[in-house]
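Chemist: One structure, as structure tokens, below. Some questions next.
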């Protein structure tokens with residue numbers, strides 16, 4: 001599967017709908033977590049998408065330094081349930097990291113990771129920074145990659 005990247009202004013209506021639908025499907029319904037997904041940061045993000053035919057199956061957003069964290073960050077990292085177990089999450093992270101390094105150079109990247117995914121992110125060079133915390137009722141940890 002191929003990845004595409006778009007500024008918010010480059011997304012068409014269908015792509016935006018697909019993004020919001022997948023984020024709601026995973027973060028709200030599947031994880032049974034009521035939270036404000038539309039947080040005002042999408043407009044400044046680079047949106048990374050991967051489709052299987054007409055279905056959005058993987059997504060992440062990259063936020064510039066100073067937007068969400070002091071450091072550049074990757075968030076809203078999702079793989080549709082039907083496409084898990086085929087290494088798509090790893091390919092998504094590799095694409096995001098390559099995109100950042102090619103466009104922003106070597107710099108520290110910060111993520112707010114769900115605690116149960118710590119080992120997944122460690123495989124991509126992230127290290128826990130500080131103690132865990134609850135974000136929208138789900139245990140999270142801050143992780144950095146230098």
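The values are calculated or read from the model by the stated rules, or taken from the named source; none is laboratory data. Just so we're clear, the structure is a prediction, and the values are computed from it rather than from any experiment. In this analysis, Cβ positions are derived from the backbone assuming ideal geometry, glycine residues included, and neighbour counts consider all displayed protein chains.
Chemist: Which fully enclosed strands (runs of 3 or more DSSP E) of region 73-146 have 3 or more residues being in contact (Cβ under 8 Å) with a residue 24 or more places away in the chain, under 22 Å from residue 7 (Cβ atoms) and in contact with a strand residue (DSSP E or B) (Cβ under 8 Å, 6 or more places away or on another chain)?
Modeler: Qualifying strands (runs of 3 or more DSSP E): 109-114.
Chemist: I'm trying to understand the selection: among the residues of region 84-116, which are in contact with a helix residue (DSSP H, G or I) (Cβ under 9 Å, 6 or more places away or on another chain) and at pLDDT 95 or above?
Modeler: 89, 90, 93, 109, 111, 113
Chemist: Determine, yes or no, whether residue 59 is surrounded by fewer than 17 Cβ atoms within 10 Å (Cβ to Cβ), outside any helix (DSSP H, G or I) and either touching a helix residue (DSSP H, G or I) at 6+ places or on another chain (Cβ under 8 Å) or at pLDDT 95 or above (or both).
Modeler: It is false that residue 59 is surrounded by fewer than 17 Cβ atoms within 10 Å (Cβ to Cβ), outside any helix (DSSP H, G or I) and either touching a helix residue (DSSP H, G or I) at 6+ places or on another chain (Cβ under 8 Å) or at pLDDT 95 or above (or both).
Chemist: Please verify whether region 29-52 includes one or more residues that are under 16 Å from the mean Cα position of the chain (by Cα), surrounded by 12 or more Cβ atoms within 10 Å (Cβ to Cβ), in contact (Cβ under 8 Å) with a residue 60 or more places away in the chain and not in a loop (DSSP other than H, G, I, E, B).
Modeler: Within region 29-52 (the criterion being under 16 Å from the mean Cα position of the chain (by Cα), surrounded by 12 or more Cβ atoms within 10 Å (Cβ to Cβ), in contact (Cβ under 8 Å) with a residue 60 or more places away in the chain and not in a loop (DSSP other than H, G, I, E, B)), the answer is no, since none of the residues qualifies.
Chemist: Any residue in region 1-16 that's farther than 18 Å from residue 63 by Cα: show its pairings with residues that are part of a helix (DSSP H, G or I) at Cβ separation under 7 Å, as long as the two are six or more apart or on different chains.
Modeler: As it stands, the answer is 1/88, since those pairs meet every condition given.
Chemist: Continuing with this model, one more query. Is it the case that residue 118 is over 12 Å from the mean Cα position of the chain (by Cα), surrounded by 15 or more Cβ atoms within 10 Å (Cβ to Cβ) and within 15 Å of residue 144 (Cβ to Cβ)?
Modeler: Answer is yes for this residue.
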